[in-house]
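Where a number appears in this text, it was derived from the coordinates with a stated rule and is not lab data. Keep in mind that this is a model prediction, so the values were computed, not measured. Counting neighbours? That spans all protein chains shown, and the Cβs are built from the backbone with ideal geometry, glycine included.
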Ligand code: NAD
């Protein structure tokens, strides 16, 4: 039987989530995605109109199929948590069952179980502000969208994950070394995500024989990264200073993720794995 993957955080064909979906599809997995509610309409329309057909191409020439797109807002666990203004917001009102709990229930209803859970989402409303100028609500919002969202996803999907399955998330080295510009509590959120990877690896390993790892990825000019503002500078810095003097492709992160959730990585859990052309190993700029 082929594996089934749920990938949270795909809303276009530029980010790491899309690349991971492609790598998993190329390896024969069935692909389900969770798309942020406000981005759902445009993503589904673009998909339907063939706007992504070129980037849906897999190495064997076939096109990646997405079995189903689920609306998702990973900052809400269940309907009781959704504030009135969000409920009635017209970008949300057109969709239903998009809290984490409901998304897991819908996937269970439609497909019964999954083998692979991917968390490829983050949000920090004050990311452009230095930590020293970040508000409490901005900091907590970054943690909620970028760290607790993974705890919640694993909590709700674990019961429908087949034994031997695996999950993966995406982190960034700003968690462990200072990257000026990655503010608003996003560095804190990534530190929490990496620590949680270790604790959840133990808990999900013991509870469901599920592995939990995170990829510390190098810079990519995704939609989310462009919102931060300094991504072109980081890409250039990496190109000039990393041991491997080449552009980092989203597909390289996709391939590493496919390895980490596959049986080839059956003894790897609780790890932060760098996929960054080796940049993390450098102590000085070249
Ligand atoms: P992306 O824009 O492709 O992905 C981020 C996704 O998160 C978007 O699809 C967005 O709609 C979704 N999202 C935001 N808030 C959400 C919510 N509340 N509920 C559900 N979905 C929500 O950008 P990306 O850079 O590929 O980001 C994917 C992951 O990779 C993130 O965790 C990011 O921090 C991480 N990462 C990115 C870089 C980089 O340079 N781009 C480097 C290291 C790690």
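Numbers below:
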{"quantity": "Label-to-label distance, nm, for residues given as residue 41 and residue 27 (7 Å Cα→Cβ offset)", "calculated": "3.6"}
{"quantity": "At 1.002 mPa s and 20 °C, Stokes D of the chain from Kirkwood alpha-carbon radius, µm² per second", "calculated": "112"}
{"quantity": "Packing-based ranking, highest mean first, of 162-169, 37-44 given that Cβ atoms within 10 Å are counted", "calculated": "162-169, 37-44"}
{"quantity": "Equivalent ellipsoid, the range 54-194 (semi-axes from 5 times Cα gyration tensor eigenvalues, Å)", "calculated": "28, 21, 16"}
{"quantity": "Rounded Å value of the spacing that divides the Cα centres of the range 128-147 and the range 8-22", "calculated": "24"}
{"quantity": "Compactness of the range 134-193, expressed as Rg and Dmax over alpha-carbon positions, Å", "calculated": "13.6, 41"}
{"quantity": "Theoretical gain in end-to-end length, residue 91 to residue 129 [0.36 nm per residue, Cα-Cα removed]", "calculated": "11.0 nm"}
{"quantity": "FRET E, pair residue 62, residue 1, Förster distance 30 Å, beta-carbon r, rounded to 0.05", "calculated": "0.95"}
{"quantity": "Over the range 148-286, relative contact order from alpha-carbon pairs under 8 Å, at least 6 apart, %", "calculated": "30"}
{"quantity": "Contact order normalised by residue count of the range 28-159, Cα under 8 Å, 6+ apart, percent", "calculated": "24"}
{"quantity": "Estimated FRET transfer efficiency when R0 is 25 angstrom, pair residue 207-residue 111 (beta carbons, to 0.05)", "calculated": "0.75"}
{"quantity": "Fraction of the pair-distance distribution of the range 5-76 above 21 Å, Cα-Cα pairs, percent", "calculated": "16"}
{"quantity": "Computed [θ] at 222 nm, helices only, for the chain once each DSSP H run of length n ≥ 4 contributes -39500 (n - 2.57)", "calculated": "-11500 deg cm²/dmol"}
{"quantity": "Order by protection proxy (mean Cβ within 10 Å, highest first), peptides 251-257, 171-177, 18-24", "calculated": "18-24, 251-257, 171-177"}
{"quantity": "Spin-label pair residue 51/residue 136, simplified geometry with 7 Å Cα→Cβ offset, distance in nm", "calculated": "4.0"}
{"quantity": "Calculated FRET efficiency for the pair residue 286/residue 78, C-beta based, R₀ 45 Å, to 0.05", "calculated": "0.35"}
{"quantity": "Gyration tensor verdict on the range 155-249 (Cα atoms; rounded if a/c is under 1.5, prolate if a/b is larger than b/c, oblate otherwise)", "calculated": "prolate"}
{"quantity": "The range 198-249 - convex hull of alpha carbons, volume per residue in Å³", "calculated": "126"}
